[in-house]
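Contents: one structure, followed by commentary.
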């Protein structure tokens with residue numbers, strides 16, 4: 001009976017996935033939801049590829065999983081991934097059903113699956129990944145996730161000893177995952193010219209030693225609690241990294257990836273996006289563990305250097321529009337994204353769409369996270385106007401005023417159509433427009449781009 005239910009679930013899943021893709025031109029978790037209605041244990045019944053890689057963590061999992069997929073495909077292997085669907089169990093099932101036989105055998109060589117941190121109990125109990133890459137753990141979506149320790153437990157409690165963990169050696173929270181249970185491989189980023197001796201960010205999620213609870217010392221900080229922690233009381237320190245990034249050049253947008261056999265590659269990263277260095281280093285570490293050649297990795301990253309993650313830039317009639325998805329309810333992600341403003345001396349206008357744009361769905365969310373965000377880059381002389389949009393625009397404006405941002409720069413719009421129209425009309429040739437947006441504001445970004453494309457001569 002279970003096999004029959006699974007067969008029916010696969011057929012229905014394939015049909016619904018096809019129709020949604022061809023008719024609505026979008027990915028969705030709907031096929032997976034339907035499959036689970038028919039066969040609740042569908043995810044465990046798939047015959048997974050010879051290699052399965054799961055990518056999880058607070059920040060960077062989408063960019064990292066997409067980069068991994070790109071490199072592995074360029075190595076000549078077929079890959080199934082959930083880039084078009086969600087990162088919870090239904091999203092994974094939706095991706096797998098598009099590339100499997102009627103018996104549930106996934107026909108790809110490798111599965112690269114982005115996994116929501118809280119979904120570990122619903123995913124890692126259904127199949128055992130060969131690798132889990134965890135990018136980092138930060139405070140995130142406080143009403144959903146509480147704190148990083150809560151998420152740590154959600155992942156750690158469901159790890160399988162057969163899984164190899166690839167962990168951020170600069171993060172003493174996620175870096176403790178699987179201790180004494182799994183094989184663990186670490187990657188890290190060496191000290192850079194922008195590293196600091198003290199935490200200069202608004203938030204530091206780890207100030208006490210995770211082993212003895214005494215005050216934790218740091219050799220240096222990259223940002224927030226990401227750095228090189230050491231405890232003078234109990235001797236705690238992070239294990240040595242087998243893979244690491246060195247010689248980060250923020251002006252050129254390059255760094256050197258180093259491996260355990262003395263191999264090294266000069267690789268590009270998105271200027272102003274330090275997250276990208278960690279994402280690339282973690283992805284390269286997994287690829288090397290899989291035996292992928294250095295030249296394949298190098299060529300793949302050079303090809304994708306401007307396309308990874310949730311970053312896009314496009315020129316409209318002499319105006320560069322740069323859009324950056326800044327994870328909602330996540331002050332670290334938002335703060336790091338805002339540092340992009342300091343990466344160029346060009347004049348720019350900024351559009352903030354960082355709070356929930358759909359109050360009917362998310363109006364209950366706690367917005368206190370914005371007070372943990374570092375908005376200081378908005379005070380740069382090169383930032384001329386800051387457009388704040390959405391029903392929460394006055395809340396954001398109040399926060400910005402409290403944080404000392406020049407209120408003379410602020411222009412507020414509750415109505416997104418009015419915002420898009422104003423931004424397009426007041427845009428200046430040669431001045432960048434940088435749009436920070438959360439997931440539910442994607443349609444607003446498109447309105448701005450459409451308004452820009454219709455301005456002046458095509």
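The values are calculated or read from the model by the stated rules, or taken from the named source; none is laboratory data. These figures come from a predicted structure and were not determined experimentally. No Cβ is skipped: glycine too gets one built from the backbone with ideal geometry, and neighbour counts run over all protein chains shown.
If I ask for residues that are over 23 Å from the mean Cα position of the chain (by Cα) and touching a residue at least 12 places away in the same chain (Cβ under 8 Å), which ones from segment 224-237 would you list? So that I can check it myself, show each step before the final result.
Taking segment 224-237 as the starting set, the residues that turn out to be over 23 Å from the mean Cα position of the chain (by Cα) are 229-237.
Answer for segment 224-237, where residues must be over 23 Å from the mean Cα position of the chain (by Cα) and touching a residue at least 12 places away in the same chain (Cβ under 8 Å): 229, 230, 231, 232, 233, 234, 236.
Tell me, please, whether a residue that is in contact with a helix residue (DSSP H, G or I) (Cβ under 6 Å, 6 or more places away or on another chain), in a loop (DSSP other than H, G, I, E, B) and closer than 21 Å to residue 229 by Cα can be found in segment 173-181. First the steps, then the outcome.
Filtering segment 173-181 down to residues in contact with a helix residue (DSSP H, G or I) (Cβ under 6 Å, 6 or more places away or on another chain) leaves 173, 177.
Still in the running and in a loop (DSSP other than H, G, I, E, B): 173, 177.
Among the residues that remain, those that are also closer than 21 Å to residue 229 by Cα are: 173, 177.
Yes, segment 173-181 has at least one match.
Considering segment 411-444 alone, what residues qualify as being more than 20 Å from the chain's Cα centre (by Cα) and over 21 Å from residue 382 (Cβ atoms)? Before the answer, list the steps.
We begin by selecting, within segment 411-444, every residue more than 20 Å from the chain's Cα centre (by Cα); these are 411-433, 444.
Within segment 411-444, 412, 413, 414, 415, 416, 417, 418, 419, 420, 421, 425, 444 qualify.
Is it the case that some residue within segment 250-264 is surrounded by 17 or more Cβ atoms within 10 Å (Cβ to Cβ) and in a helix (DSSP H, G or I)? Give the steps one after another, and end with the answer.
Residues of segment 250-264 that are surrounded by 17 or more Cβ atoms within 10 Å (Cβ to Cβ), as a first pass: 250, 253, 255, 257-259.
Okay, now just the ones that are also in a helix (DSSP H, G or I), so none.
Scanning segment 250-264 turns up no residue that is surrounded by 17 or more Cβ atoms within 10 Å (Cβ to Cβ) and in a helix (DSSP H, G or I).
Have a look at 115, 110 and point out the one that is buried (at least 20 other Cβ atoms within 10 Å of the Cβ), more than 18 Å from residue 28 (Cα to Cα) and modelled with pLDDT of 95 or more.
On the way: 115 fails: more than 18 Å from residue 28 (Cα to Cα).
The unique qualifying residue is 110.
Of these, 435, 429, which one is assigned by TED's automatic domain parsing to the domain that holds residue 339, part of a loop (DSSP other than H, G, I, E, B) and in contact with a strand residue (DSSP E or B) (Cβ under 7 Å, 6 or more places away or on another chain)?
Numbers: 435 fails: part of a loop (DSSP other than H, G, I, E, B).
Residue meeting the stated conditions: 429.
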ask   = Got at least one residue in segment 55-78 being touching a residue at least 60 places away in the same chain (Cβ under 8 Å), under 21 Å from residue 130 (Cα atoms), assigned to a strand (DSSP E or B) and within 25 Å of the chain's Cα centre (by Cα)?
value = yes
query = Any idea which of (1) buried (at least 21 other Cβ atoms within 10 Å of the Cβ); (2) modelled with pLDDT of 95 or more is the one residue 331 doesn't satisfy?
reply = (2)
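Look through 43, 4, 20 and report the one residue that is under 28 Å from the mean Cα position of the chain (by Cα) and without any contact (Cβ under 8 Å) to a residue 24 or more places away in the chain. Break it down into steps so the answer makes sense when it comes.
Details: 43 fails: without any contact (Cβ under 8 Å) to a residue 24 or more places away in the chain; 4 fails: under 28 Å from the mean Cα position of the chain (by Cα).
Unique residue meeting the criteria: 20.
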inquiry  = For segment 25-40, which positions are within 16 Å of residue 91 (Cβ to Cβ) and either modelled with pLDDT under 90 or under 28 Å from the mean Cα position of the chain (by Cα) (or both)?
reply    = 26, 27, 28, 29, 30, 31, 32, 33, 34, 35, 36
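Residue-by-condition table, conditions (1) modelled with pLDDT of 95 or more; (2) more than 19 Å from the chain's Cα centre (by Cα):
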| site | (1), (2) |
| --- | --- |
| 135 | yes, no |
| 162 | yes, yes |
| 167 | yes, no |
| 198 | no, yes |
Single residue of 76, 57 found to be at positive phi and modelled with pLDDT of 95 or more = 76
inquiry  = Return the residues of segment 155-207 that are surrounded by 20 or more Cβ atoms within 10 Å (Cβ to Cβ) and on the phi > 0 side of the Ramachandran plot; say none if nothing qualifies.
reply    = 178
query = Could you list, in sequence order, the residues of segment 410-426 that are surrounded by fewer than 17 Cβ atoms within 10 Å (Cβ to Cβ), outside any helix (DSSP H, G or I) and touching a helix residue (DSSP H, G or I) at 6+ places or on another chain (Cβ under 9 Å)?
reply = 412, 414
